Amino acid sequence: VQAILVGFYAAIARSLHIAVPTMHLAILVPVSFIVQMVPLSINGFGLREGTFGLYFTKLGLQPEGGIALSFIGAALMMLFSISGAVAYLTRRDH
């Protein structure tokens, strides 16, 4: 599951033209999921983006790229979850 999520974020980074190595995403993505479990915000918003921004700064990348990657990844996950819920609720059982 973690490998799929790393691939998901790598695809988003590529689409945003952010040159972050996949091996660093393999570290950052699981760490960000652990950090967002800290009960300081709703669904980890802010904590996750801060983690991405800080990690990108340590890599010598622009923190705005990390924040954008984190936010767009979270937004896409919510979009896919909502579309799955709609599909589930509108299905017909025969």
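The table that follows gives values for the structure above.
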quantity	calculated
Full-stretch length increase - residue 23, residue 71 - with 0.36 nm per residue and alpha-carbon distance subtracted	15.3 nm
Percent carbon-and-sulfur accessible area, the chain, ignoring ligands, DNA and RNA, probe 1.4 Å	72
Per-selection Kirkwood Rh - the chain (Cα, Å, 1 d.p.)	14.1
Cβ-derived FRET efficiency at R0 25 Å, residue 4 paired with residue 45, nearest 0.05	0.65
Trypsin sites (Lys or Arg not before Pro) restricted to DSSP loop in the range 50-94 with at most 12 other C-beta within 10 Å	91, 92
For the chain, accessible area per residue (1.4 Å probe, heavy atoms of protein chains only), Å²	66
Label-to-label distance, nm, for residues given as residue 80 and residue 38 (7 Å Cα→Cβ offset)	2.6
Projected-area average for the range 1-52 over all orientations - Cα convex hull basis, square nanometres	3.6
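The values are calculated or read from the model by the stated rules, or taken from the named source; none is laboratory data. Note that the structure is predicted; figures quoted are calculated from it, not measured. Using ideal geometry, Cβ is built from the backbone for each residue, glycine included, and neighbour counts are taken over all protein chains shown. Surface areas here come from the heavy atoms of the whole protein model, side chains and all, with no ligands, DNA or RNA. Shrake-Rupley method; radii C 1.70, N 1.55, O 1.52, S 1.80 Å.
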